[in-house]
Amino acid sequence: MSHPLVRLPLLDLESSSRATGLRPELVRRLVALGLIDPFPDAAGDLCFPPSELATAGCLQRLHTNLAVNYASLGLVADLLDRIAELEAALRTRARTPGGAPWT
């Protein structure tokens, strides 16, 4: 188990909306679809770590550039994550002595 050395700041809904350029209603929609994960603060309001803001930006780019609807964004994001994992595994395997090249 690892523990962060520094606690990352959490941004409230308004601050995260300004940082991502998304309307607060759209951020709430992404939360409702389970595409980004907020942390509730002491008052129960939504707060977001910086990593979720990057995820929200990526999801918006997918929606805008590829015309992926919001309901399908989760599937597309999962597939892109899986592709990245497979590519990383391939690079690691290629660097390992004795590992057979994939070509």
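Each reported figure results from applying straightforward, stated rules to the coordinates on display, with no laboratory input. Since this is a predicted model, take the numbers as computed values, not measurements. All Cβ positions, glycine included, derive from the backbone under ideal geometry; neighbour counts span all protein chains shown.
Computed quantities for the displayed model
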{"read-out": "Residue pairs meeting the criteria (Cβ under 9 Å; at least 6 apart or on separate chains; first touching a residue at least 12 places away in the same chain (Cβ under 8 Å), in segment 60-77; second among the basic types (K, R) and surrounded by 10 or more Cβ atoms within 10 Å (Cβ to Cβ))", "value": "Y70/R29"}
{"read-out": "Residue ID - farthest from P9 (Cα to Cα), chosen from residues in segment 25-74 that are of a type in the set (S, T, Y) and either surrounded by fewer than 17 Cβ atoms within 10 Å (Cβ to Cβ) or touching a His at 6+ places or on another chain (Cβ under 9 Å) (or both)", "value": "S72"}
